[in-house]
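I have placed the structure first, in the form of C-alpha cells, so that the comments after it can refer back to it.
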Amino acid sequence: MNLSHPKTDTSSVTQLPAYKLLAKISQRELTSSQVVESLFEQIEKNDKKINAYLLLLKSEALEKARQVDEKIAKGEKVGKLAGIPVTVKDNICTKGIRTTCGSKILENFVPPYDATVVKRLKAADAVLVGKTNMDEFAMGSSTETSHFGVTKNPYGPDRVPGGSSGGSAAALAAGEAIVALGSDTGGSIRQPASFCGVVGLKPTYGRVSRFGLVAYASSLDQIGPLARNVRDCALLLGVIAGQDPCDSTSADVPVPDYLSSLDKEIKGLKIGLPQEYFAEGLEEEVKSALLSTVKQLQGQGAEVEEITLPHTEYAIATYYLLATAEASANLARYDGVRYSFREEDPANLDQMYRRSRSRGFGAEVKRRIMLGTYALSAGYYDAYYLKAQKVRTLIMQDFQQAFQKVDVLVTPTSPTVAFKIGEKIDDPLQMYLSDIYTISANLAGIPGISVPCGLSSVGLPIGIQILGRHFEEETVLQAAYAVERNR
Ligand code: GLN
C-alpha cells in the first residue's frame, strides 16, 4: 500500500492556499462561489471515507459566497477573509447551528449565539463550511471517543488523525477544507496537525477569546488556527486574535500584523532544545527528522543550544489532575434540564439527572469526571489539586528561565507518528502519554505551533513543535515559516 500521499484527488482550486485564493477572489480571477462549489465536490467525494465533518452547511455557504461575490463585483469594501471557506470544530458555538462537542449529551444542542471567533470570521466575510468531528468534549488524542464515530487519517485509513481536533486536521489533509479552527487544552491542535501533515497553532492563553468555546478545562483551553501552510495559519490568527469584553481572560495586548513579518530572516534566532524531550518513547524516525530540521535552521543562521526544563517529568500528572478537576466542574451543567439529551420517563428528579448523565456521556468523559471529582473532594484537595497548582508554577518557571537564554524551543510535537485506530483506546495511560510534548505549553500558557518536517518510512507525517514566549506568536510563526520554506 502506498501511504505517501493522502488518497484524494483534490481539484486544483481547492489545493490553492487561502492567501492565494483571497487575492484571486478580490481581483475577480475566481469567485468565492466557485471555490465553495469545488470544495463541496471534494467533501462529497471524500468524506464518506474520512468522516471529518459532523455537519455541512452547503446551502448557507453558497449563499454567503454569492453575497461576497456580489459585494466584490460592486466594488464594496470586504473583510480580511472575503470569500474564504472556513471549517470549525464542533465545540465552538455557532448561532442556530447544531454544536455537539462530539457527545450524545449535546446531540441536539443549538446555541443561541455565536462564539466570538465565529463572529469575527463572519465580520471578515469568511464562509462557514461545516462543523468537524472531535473527541467527546475534546477529551482524547485520537478522535476515537467521538459519539459519532472515528475520523480516519487521510494518510492511511487504518490510522487515527490525532485528537481532539482530528476532524479539522483530517479535513485539511483530505482537501476538504481550506483553513480550520480547532481548540487545544493539552495538544489538541498541534498533535492532530502533526499526524495529518498540516500546520496547527495554539496561541498564548488569552490571545484568542474563549467566549462560546464549550469549556473543558478553562485555565488551559485555547482556540487556534489549523491550515495547510504557515502563512494561512498567520492569516487566520490575525482575524480571530484580540481582546474580547465577553471573555475576561482574553488579554489586552495589541495584535501585530502576523503576515508582514513572516518571512523575516531567522539569522541570530536562538533556539533551545530541551534535553528532557529527547527521552525514552521518542520514535527514532521522529527524532532524526527533527534533528535534520534543526540543522537546516542552523544553516539559515539560527543558533542552537541544549537547555533543560527540569520539571517536565511531572507535566502529565499535573495536567491530568488539573484538567480533570476543571472538567468535573465544567461538565456539571449537563444535567438533562438545560441542555439536550434527557432520559425519558424517569421515576423522579434524581433518576432523571443520573440516567441523563450516565447515558449521555461516553466512557472517557465519565472517567475524567470521576477522576476530577475525586481530586477535588474534601480531604484530598490539598494533596492533589493544590499540589498540582504548585507544580504548574514550577513548570512555568522552567519556561521563564529557558526563555531568558533562548527565543524559541524546538521539540517533537508527538513522540510517534499517527498510531493505528484501536491501538490505544483501551489503555488510557498510553493515550495520555501521547501528549507528553504538548501539554506543558498549556500549563505555562505559552504559544506553540506544529509544522510538518518530514515523512516516516511508511509515509506518515512527522511534525516539529516550536514554542515561544507569551504573546510572541510572531516569532513562533517566523520560525515555522523558516522550516516550511526549506522543505
Ligand atoms: N489529549 C489531551 C486530553 O485528552 C488534550 C486534549 C485537548 O487538548 N483538548 O485531555
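The values are calculated or read from the model by the stated rules, or taken from the named source; none is laboratory data. Everything numeric here is computed off the predicted structure, so don't read it as measured data. Positions of Cβ are backbone-derived with ideal geometry, glycine not excepted, and every protein chain shown enters the neighbour counts. Heavy atoms of the whole protein, side chains included, go into the accessibility calculation; ligands, DNA and RNA do not. Shrake-Rupley method; radii C 1.70, N 1.55, O 1.52, S 1.80 Å.
Which residue, of LEU273, LEU290, is away from the ligand (no atom under 16 Å from the Cβ), within 20 Å of ARG485 (Cα to Cα) and either aliphatic (A, V, I, L, M) or surrounded by 15 or more Cβ atoms within 10 Å (Cβ to Cβ) (or both)?
LEU290
Name every residue in region 160-198 that is in a strand (DSSP E or B) and in contact with a Lys or Arg (Cβ under 7 Å, 6 or more places away or on another chain), in order of residue number.
If the condition is that a residue be in a strand (DSSP E or B) and in contact with a Lys or Arg (Cβ under 7 Å, 6 or more places away or on another chain), then LEU181, GLY182, SER183, ASP184 are the ones that fit.
It is to be established whether one or more residues within region 411-418 are within 23 Å of LYS287 (Cα to Cα) and of a type in the set (A, V, I, L, M, F, W, C).
Yes, because at least one residue in region 411-418 is within 23 Å of LYS287 (Cα to Cα) and of a type in the set (A, V, I, L, M, F, W, C).
Regarding VAL214, is this residue of a type in the set (Val, Ile, Thr), within 16 Å of the ligand (Cβ to nearest atom) and open to solvent by 10 Å² or more (accessible area, probe 1.4 Å)?
Spelling it out, VAL214 is indeed of a type in the set (Val, Ile, Thr), within 16 Å of the ligand (Cβ to nearest atom) and open to solvent by 10 Å² or more (accessible area, probe 1.4 Å).
Kindly list the number of the only condition in (1) in contact with a Gly (Cβ under 7 Å, 6 or more places away or on another chain); (2) modelled with pLDDT under 95 that fails for ALA402.
(2)
Tally the residues that are without any contact (Cβ under 8 Å) to a residue 60 or more places away in the chain, of a type in the set (Gly, Ala, Ser) and either open to solvent by 70 Å² or more (accessible area, probe 1.4 Å) or at positive phi (or both), restricting the search to region 337-372.
Number of matching residues: 1.
So which helices (runs of 4 or more DSSP H) stay within region 419-487 end to end and still have 1 or more residues that are under 16 Å from the mean Cα position of the chain (by Cα)?
The helices (runs of 4 or more DSSP H) meeting that bar are 439-444, 473-485.
Restricting attention to region 157-165, does a residue exist that is away from the ligand (no atom under 12 Å from the Cβ), open to solvent by 10 Å² or more (accessible area, probe 1.4 Å), of a type in the set (Asp, Glu) and touching a residue at least 12 places away in the same chain (Cβ under 8 Å)?
Yes.
Could you go through region 37-56 and let me know if any residue there is of a type in the set (Val, Ile, Thr), under 17 Å from ALA173 (Cβ atoms), modelled with pLDDT of 95 or more and touching a Lys or Arg at 6+ places or on another chain (Cβ under 6 Å).
The answer is yes; a qualifying residue exists.
Out of all the residues in region 302-313, is one or more open to solvent by 60 Å² or more (accessible area, probe 1.4 Å) and assigned to a helix (DSSP H, G or I)?
Yes.
Evaluate region 169-189: report whether one residue or more is of a type in the set (Val, Ile, Thr), within 11 Å of the ligand (Cβ to nearest atom) and either crowded, with 24+ Cβ neighbours inside 10 Å or over 13 Å from GLU144 (Cβ atoms) (or both).
Yes: one or more hits.
Would you check if SER194 is within 16 Å of the ligand (Cβ to nearest atom) and open to solvent by less than 10 Å² (accessible area, probe 1.4 Å)?
yes
Please state which of the following conditions PRO415 fails to meet, knowing it meets all the rest: (1) in a loop (DSSP other than H, G, I, E, B); (2) within 16 Å of the ligand (Cβ to nearest atom); (3) in contact with a Ser or Thr (Cβ under 6 Å, 6 or more places away or on another chain).
Going through (1) in a loop (DSSP other than H, G, I, E, B); (2) within 16 Å of the ligand (Cβ to nearest atom); (3) in contact with a Ser or Thr (Cβ under 6 Å, 6 or more places away or on another chain) one by one, PRO415 breaks only (3).
Report the residue count in region 321-374 for those that are within 19 Å of VAL214 (Cα to Cα), of a type in the set (Lys, Arg) and outside any loop (DSSP other than H, G, I, E, B).
Total satisfying the criteria: 5.
Looking for whichever is open to solvent by 10 Å² or more (accessible area, probe 1.4 Å), within 16 Å of the ligand (Cβ to nearest atom) and among the charged types (D, E, K, R) here; the options are ASP407, ASP427, ASP382. Which one fits?
ASP427
Can you go through LEU460, LEU477 and tell me which one is open to solvent by less than 10 Å² (accessible area, probe 1.4 Å), away from the ligand (no atom under 15 Å from the Cβ) and under 15 Å from VAL199 (Cβ atoms)?
Of LEU460, LEU477, the one residue that is open to solvent by less than 10 Å² (accessible area, probe 1.4 Å), away from the ligand (no atom under 15 Å from the Cβ) and under 15 Å from VAL199 (Cβ atoms) is LEU477.
Could you please let me know if THR204 is of a type outside the set (Phe, Trp, Tyr) and either modelled with pLDDT under 95 or within 15 Å of the chain's Cα centre (by Cα) (or both)?
In short, yes.
Sort out which residues of region 125-151 are surrounded by 24 or more Cβ atoms within 10 Å (Cβ to Cβ), more than 16 Å from the ligand (Cβ to nearest atom) and either part of a loop (DSSP other than H, G, I, E, B) or among the β-branched types (Val, Ile, Thr) (or both), and write them in order of number.
Within region 125-151, ALA126, VAL127, VAL129 qualify.
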